[in-house]
Amino acid sequence: MAAGFNALTAHRLWGTVAGWISGIITALLWTSVWFAGELLDAAIFASMLSAVLWLLTGPESKKRSLALGLMLGVATVFRPIALILLPLLFFRKQNRVLILIALLLPIIPVTIHNATTGAALSPIAVSGGTNFYIGNNQYSDGRVAFLPGLPADWQGESADVIALASRQSGKRMNLSQADKWFGNSGLKWLTENPGSAFKLYVNKLRLVLAGKEYSNNKNLDFWRDRAPVVSWLSWCSWAFVLTLAVVGVSRSQQRRLIWYGVILLALSMFPFFINARFRLPLMMWLVVPAAGGAELIYRSVRAKKPLPAKVIFVALLAFLVSGFSAVAPDDPSMFNSYRTLGNSYIQSEMYSEAATAYDQAIAADEEWQHRSHDQTLAQVFKMRGEIYTRHQDIVGVVKLYQQWVERLPDDTHGRSLLGWALLGSGDPQSALKQFRIAGDSPQVVFGTGMCFMQLADPENAIIAFRNVVQQQPDYWQAWGNLASLLDQQGKTDEALTAWKQLLKLKPDDQRAMQRVQVN
């Protein structure tokens, strides 16, 4: 849809060649292909803005004005930030009221829905304040959509927003009140930290101009290189479009309208966070003047007439600024990318490929250890260990889990798994050491009991299994081991009680049935 509308717009302004160039560039934008493939609404919203631009540059009939208002209204429902384009209506001399009425038609049902579902008087989305706080707090880097106080993998659930705001404010809130609370928190941070806010907004400016694409939660270069179609299209990027667009806006047709639209769309991102999918609508809008610039260069080459020096200078300046506006990532390693790749292979039951990806994730962490890895590194070790176990490679499991506890010494789960691996490899003494460090959960205490059994220390094993069943009375394996050891120690009455308890928990246990029947 965007390719079609951009082609029509450029054709209207600069002719057939520009129209074809505009449509082709739009179709080949690798970020657009990527986000459409991820089924994100960013691609749809960008397409809507292409339709808005086509309608803005066309004749001022009532039908087109009605269509313009409706399209702008639907775009506003998708993302309320589309309202920032309203000043562009001043470029139209007729039917402004009709446009505004049509704009309200898609919005009114949403407002009614909000009013009847507890969101109070919220005309569109109830998330502006929350998103503003996400983009303006002490932890914000201008790019990542992370709400302090919630897990890093938070997916935007409203219930979490309400719970966090209620906890921080000490008052019970609905969604509208919670959104307002976070909006005020963002404003408070800005006013109390002007120096940090200035640095943050400088970083946001660099993110707007940067030729490199930054995602909210992914290394786009990593994934693009593994997607052949998108990789082939990587040349059709921000720097390429921006440079041609600077040449295109030097042309007179609708120059001011297009240029003001670019400025407004760029400004709309600054209060929030800036990454590839939120820059896509701006990029899509720039494609039209980029086609005009490409067509102008084409005509200049054919006529053997160079472009004006000032146009060439500004275009080169835009290209260089875009190139030098790169932002250094907090974590330059590929750890998270390899981890996600491994998880994807696991879901597809491609275990060999998953093992390779997890090994690469661990190697990336070794090369560049970062605090952000600590939240998910344990999961990588665990999943890789399960693949070793699947192949019955106990040596590989032990070596991997030793690496785990060396990297994350406070991770008790890693200690516990290492203890079980050492126990399975025939080293109960080393396993016992790990279990003692791992804590006193029933599973860990059960492991210490198993170690004492292998070390021929039944007294301590009995103590361990008694502790297990005291903490977790339905732990049938502990009851079974306890019953066997008590029998071996000649404590038949206590053993019989344990066998009966095991039989209650596991009625089909043959040992328990035979022991009770014999009694």
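At-a-glance table
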| quantity | calculated |
| --- | --- |
| With Cα atoms, 0 to 90° folded angle of helix 335-347 axis to the chain main axis | 70 degrees |
| Spacing of the two label points (7 Å from each Cα toward its C-beta) at GLU459 and SER252, in nm | 10.4 nm |
| Mean Cβ neighbour count within 10 Å, used as a protection proxy, ranking 24-30, 206-212, 99-105 highest first | 24-30, 206-212, 99-105 |
| C-alpha long axis of helix 458-471 to longest principal axis of the chain, angle in ° | 50 degrees |
| Cα-projected label distance for THR497 with LYS188, points at 7 Å along beta-carbon direction, nm | 5.8 nm |
| Stretch gain in nm, segment GLU406-GLU38, where the contour uses 0.36 nm per residue and the Cα spacing is subtracted | 128.7 nm |
| Dipole in debye (nearest 20) - segment 141-286, about Cα centre, beta carbon charges: Lys, Arg +1; Asp, Glu -1 | 380 debye |
| Paired Rg and Dmax values of segment 335-518, which use every Cα atom, in angstrom | 19.6, 63 |
| Viscosity 1.002 mPa s, 20 °C: Kirkwood-radius Stokes-Einstein D of segment 52-122 over Cα pairs, µm²/s | 170 µm²/s |
| Percentage relative contact order, the chain, counting C-alpha pairs under 8 Å, at least six apart | 12 percent |
| D_trans [Stokes-Einstein, Kirkwood Rh over alpha-carbon pairs] for the chain, 37 °C, 0.692 mPa s, µm² s⁻¹ | 118 µm²/s |
| Column: log10 I(q)/I(0), Debye, Cα scatterers of segment 1-60, q = 0.12, 0.21, 0.28 Å⁻¹ | -0.28, -0.75, -1.08 |
| Potential extension, SER441-GLN392 segment - 0.36 nm per residue separation minus Cα distance | 15.0 nm |
| Long-range Cα-Cα pairs in segment 255-348 (distance over 22 Å), rounded percent | 53 percent |
| Filter on LYS171/LYS218; LYS180/LYS204; LYS399/LYS506; LYS382/LYS506; LYS382/LYS433 - keep pairs with C-alpha separation over 26 Å | LYS171/LYS218; LYS399/LYS506; LYS382/LYS506 |
| At q = 0.13, 0.16, 0.21 Å⁻¹, base-10 log of I(q)/I(0) for segment 415-519 (Debye sum, equal scatterers on each alpha carbon) | -0.45, -0.67, -1.02 |
| Calculated log₁₀ intensity ratio I(q)/I(0) where the Debye formula runs over C-alpha points of segment 1-126, q = 0.09, 0.14, 0.16, 0.22 Å⁻¹ | -0.30, -0.68, -0.85, -1.23 |
| Estimated distance in nm for a label pair at VAL77 and PHE222, the labels positioned 7 Å out from Cα along Cα-to-Cβ | 3.7 nm |
| Proximal aspartates and glutamates relative to LYS500, as straight alpha-carbon distance under 14 Å, when same-chain residues fewer than 8 apart are discounted | ASP474, ASP487, ASP508, ASP509 |
| Extended-chain gain in nm, criterion 0.36 nm per residue less alpha-carbon gap, TRP154 and LYS304 | 48.3 nm |
| Estimated [θ] at 222 nm from DSSP helical runs (n ≥ 4, -39500 (n - 2.57)) normalised by residues in the chain, nearest 500 | -22500 deg cm²/dmol |
| Ranked packing of 306-318, 466-478, 415-427, most packed first, by mean Cβ within 10 Å | 415-427, 466-478, 306-318 |
| P(r) tail fraction, segment 107-188 - alpha-carbon pairs more than 15 Å apart, % | 56 percent |
| Cleavage-rule hits, chymotrypsin sites (Phe, Trp or Tyr not before Pro), segment 329-393, DSSP coil, Cβ neighbours within 10 Å at most 14 | TRP368 |
| All-pairs alpha carbon distance profile, segment 313-431, 10 Å steps from 0, percent | 13, 36, 26, 11, 7, 4, 2, 0 |
| Helix axis angle, 276-303 relative to the chain longest principal axis, alpha carbon, degrees | 40 degrees |
| Partner aspartates and glutamates for LYS212 [C-alpha distance under 19 Å; skip if fewer than 8 residues away on the same chain] | ASP141, ASP221, ASP225, ASP330, ASP331 |
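Values quoted throughout were computed directly from the atomic coordinates according to the rules given, and no laboratory measurement underlies them. Note that the structure is predicted; figures quoted are calculated from it, not measured. Ideal geometry is used to build each Cβ from the backbone, glycine not excepted, and the neighbour counts take in all protein chains shown.
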